[in-house]
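Novice: If you scroll down you'll find the structure; I have some questions about it.
Read-outs throughout are calculated quantities, based only on the coordinates presented, and are distinct from any laboratory measurement. All of these numbers come straight from a predicted model, not from anything done at the bench. As a convention, Cβ positions derive from the backbone with ideal geometry for all residues, glycine included, and neighbour counts pool all protein chains shown.
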Amino acid sequence: MNRLTWMILLGVSLVALSCSKKVVSPTLPVSPPKPTLNVEETDFVYMDGKARMILRDANKEREVKANIRVRKDSVIWMTFSVIGVQGGKALINHDSITIVSNVDKEYYVFEYAELSKRYNFEINYEVIEAAILGNLIMPRKESDEVKQESSFFILHQIANNITVDNYVNAASSKVEKVELKESASNNSLVINYSNFQPLGSKLLPYNGTINLFYKAVSGLLNTTVIFEYNKAEVRDKELKFPFNIPKRYVRR
C-alpha cells in the first residue's frame, strides 16, 4: 500500500571541508506543497426528482422512468413505470435494498453483506447515495494522495484492498469520474458524470453511467446503470416515502 507521507529529516550532518576545516550544514530537502483540493458535494435535506434509467446486464436491458425521492443520509425511494404503467418500486435504506415488481407480483430483499460478498467489496447505503448524487463514495482521510493533471485533480484513496481514484474538475470542484478497484479479485466500479445543473446552491450531475465489472462462475460480468434526470428539486418540507408489499406477492 503506497501512502503519501511528508517527512523532514531530523538531525544535521556535519561536513568538514578539507581545506578550511569549516563545518557547514547541508541543505535540507524541501517537500513540495500538497495540492489544495476542495470537493463540492451535493447537499440537501430532501430531494424530489424524475429520471430516465436504463438497467443492463448480460441477459437483458430494461428502460424505465423513475420518480426519485431522497432524504439525505437516510433513505432513497423510487417508483418505476414503463410506457405509463407502474412497474415497481424500490426502497433503499441503511439496512437493505427492497425491490418490488408489480408486473411479476414478487419482491426481492438484498442485504448489504450479501451484496458485498457477491461483488467482493463493501456496498452500503452511503456508497449508493453518493453514487447517484455524484459525491465521494469514500470519506476523505489525511493520508489520501492528491495530484493535479491539467484541468483535473486526482484524489487517490486506499482502504484495505480497495483503491479509488476520483477525477475532480479543477474549475467546478465536482467529481466527474470515479474508478474503484478491488485488488484481490480485480472487480471494479467505474462511474462517469456529466451535464451538471444547479440543485439548490450546489450542482447535481443530471447524467451518469455506473459500470460494475465483477467475476462470476461464467466469467467476467458487467452490470450497467444509466441515469438521466429531467427534473430535480430541493425540498424544505418533509416528503413522504410510502412503501408496502402486498401479502400475495412472493419473495424471491
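Novice: Could I have the simple spin-label model distance between residue 228 and residue 213, label points 7 Å from Cα toward Cβ, reported in nm to one decimal?
Specialist: Each label point is offset 7 Å from its Cα along the Cβ direction, giving 2.5 nm.
Novice: Near the amide H of residue 123, under 5 Å away, which other amide H atoms are found, from residues 5 or more places off or on another chain, if H is placed in the peptide plane?
Specialist: Amide H neighbours of residue 123, under 5 Å, 5+ apart: 116.
Novice: Mind listing the phi-derived Karplus ³J(HN,Hα) values for the stretch 172-183, rounded to whole Hz, using 6.51, -1.76 and 1.60 with θ = phi - 60°, and x for any glycine or proline?
Specialist: 9, 6, 9, 6, 10, 8, 10, 10, 10, 9, 9, 5
Novice: A further question on this structure: Let's test the formula: R0 of 22 Å, r as the Cβ-Cβ distance of residue 190 and residue 148. What FRET efficiency results, to the nearest 0.05? Please report the intermediate quantities before stating the final value.
Specialist: Details: r = 21 Å, r/R0 = 0.97.
Approximately 0.55, to the nearest 0.05.
Novice: Choose one answer from 242, 139, 198: the residue with the largest mean-square fluctuation in a GNM of the chain with alpha-carbon springs under 10 Å.
Specialist: 242
Novice: Beyond 29 Å, what percent of the Cα pairs of the chain remain? Please list the in-between numbers first.
Specialist: Working: 13044 of 31626 pairs.
More than 29 Å apart: 41 percent of the Cα pairs in the chain.
Novice: Then there is this: Cβ under 11 Å from residue 202's Cβ, residue 202 left aside: what net charge do those residues give with Lys, Arg +1 and Asp, Glu -1? List each step's numbers first, then the result.
Specialist: Numbers: positive: 174; negative: 40, 41, 43.
Its environment carries a net charge of -2.
Novice: Which residues does the label zone of residue 67 cover in the stretch 99-117, counting backbone N under 18 Å from a point 7 Å along Cα→Cβ?
Specialist: Zone members listed by number: 99-103.
Novice: Further question on the same structure: Mind telling me which of 145, 61, 40 comes out most flexible in a GNM of the chain, alpha-carbon contacts under 10 Å?
Specialist: 61
Novice: Tell me, what is the percent relative contact order of the chain, built from C-alpha pairs under 8 Å that lie six or more residues apart?
Specialist: Working: 514 pairs, mean separation 50.3, N = 252.
Across the chain, relative contact order equals 20 percent.
Novice: For the ranges 211-220, 94-103, 72-81, what's the packing order if you count other beta-carbon atoms within 10 Å of each residue, average per peptide, and put the highest first? Walk me through the numbers before you get to the answer.
Specialist: Details: 211-220: 12.3, 94-103: 15.8, 72-81: 17.4.
For the peptides 211-220, 94-103, 72-81, the packing ranking is 72-81, 94-103, 211-220.
Novice: For the cross-link pairs 202/237; 89/174; 60/240; 177/231; 60/117, which exceed 28 Å when the distance is taken from alpha carbon to alpha carbon?
Specialist: Values: 202/237 19 Å; 89/174 30 Å; 60/240 32 Å; 177/231 22 Å; 60/117 23 Å.
89/174; 60/240, as the Cα separations exceed 28 Å there.
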